[in-house]
């Protein structure tokens, strides 16, 4: 059965020739999806059409400038919570263990907090777990969507769909705290280096929290780049 979370996972992955060529299959999958309504399907269709209409080089360059060269638009969830602090390493371990317990194996090169991978995991989970974990990351997603909309990026459509699936509202104070972080010119490499070295932003909890396992992970969620999708994944939608 088509799953909107897997569709969004693919659309937020690094664009490849296979992904752009799969536009007809993606449109069929969107029409058949049972998680989304007409509004969400229209958002996803618009993103698919936009990607399909781009030259591959242009699609790749746009993706890199948005998500790889702009920290405040990073698709790595813990980047927005832990930055480069040591807490992020333990959070990664916790998240990878959660995947493993549910039978999702990832390679050593994959970053567990990469949003497309997180969505691929959620696509295999119950509705209750989807709403739970999406809800816990919603402040990050809502801040991403606001920044993408400010730039006039069609990728905001993908985040809008995730917000709709979450079925709840993000904590306004947490979103505002993220949106207060300064945005930098992705072409200014000196400024970019300085940004990556800034102190991490945290939301509650902190180093004193000695909980362990999935409960601690979920606290961290409240508070890399994956390899391109394989052609056969698209066929499994």
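Restricting the search to the stretch 77-91, which residues are at pLDDT 70 or above and either under 19 Å from residue 130 (Cβ atoms) or surrounded by fewer than 19 Cβ atoms within 10 Å (Cβ to Cβ) (or both)?
77 - this is the single residue of the stretch 77-91 that is at pLDDT 70 or above and either under 19 Å from residue 130 (Cβ atoms) or surrounded by fewer than 19 Cβ atoms within 10 Å (Cβ to Cβ) (or both).
With the requirement that a residue be over 19 Å from residue 68 (Cα atoms) and assigned to a helix (DSSP H, G or I), what does the stretch 123-147 give you?
127, 128, 129, 130, 131, 132, 133, 134, 135, 136, 138, 139
Okay, residues lined up against (1) over 18 Å from the mean Cα position of the chain (by Cα); (2) farther than 23 Å from residue 131 by Cα:
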residue: 17; (1), (2): yes, yes
residue: 25; (1), (2): yes, yes
residue: 32; (1), (2): yes, no
residue: 43; (1), (2): no, no
residue: 46; (1), (2): yes, yes
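Determine whether the stretch 229-236 contains at least one residue that is closer than 26 Å to residue 26 by Cα, touching a helix residue (DSSP H, G or I) at 6+ places or on another chain (Cβ under 9 Å) and at pLDDT 50 or above.
Yes - at least one qualifying residue is present in the stretch 229-236.
May I ask you to say which residue of 31, 62 is over 25 Å from residue 111 (Cα atoms) and at pLDDT 95 or above?
Step by step, each of 31, 62 is checked, and only 31 is over 25 Å from residue 111 (Cα atoms) and at pLDDT 95 or above.
Per-residue answers, yes or no, for (1) farther than 21 Å from residue 114 by Cα; (2) out of contact with any helix residue (DSSP H, G or I) (no Cβ under 6 Å at 6 or more places or on another chain); (3) in a helix (DSSP H, G or I):
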{"position": "5", "(1), (2), (3)": "no, no, yes"}
{"position": "8", "(1), (2), (3)": "no, no, yes"}
{"position": "18", "(1), (2), (3)": "no, no, yes"}
{"position": "30", "(1), (2), (3)": "yes, no, yes"}
{"position": "36", "(1), (2), (3)": "yes, no, no"}
{"position": "49", "(1), (2), (3)": "yes, yes, yes"}
{"position": "60", "(1), (2), (3)": "no, yes, yes"}
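Among residues belonging to the stretch 148-158 that are in a helix (DSSP H, G or I) and buried (at least 22 other Cβ atoms within 10 Å of the Cβ), point out the one that is farthest from the chain's Cα centre (by Cα).
157
The values are calculated or read from the model by the stated rules, or taken from the named source; none is laboratory data. Remember, predicted model here, so these are calculated numbers, not experimental data. As a convention, Cβ positions derive from the backbone with ideal geometry for all residues, glycine included, and neighbour counts pool all protein chains shown.
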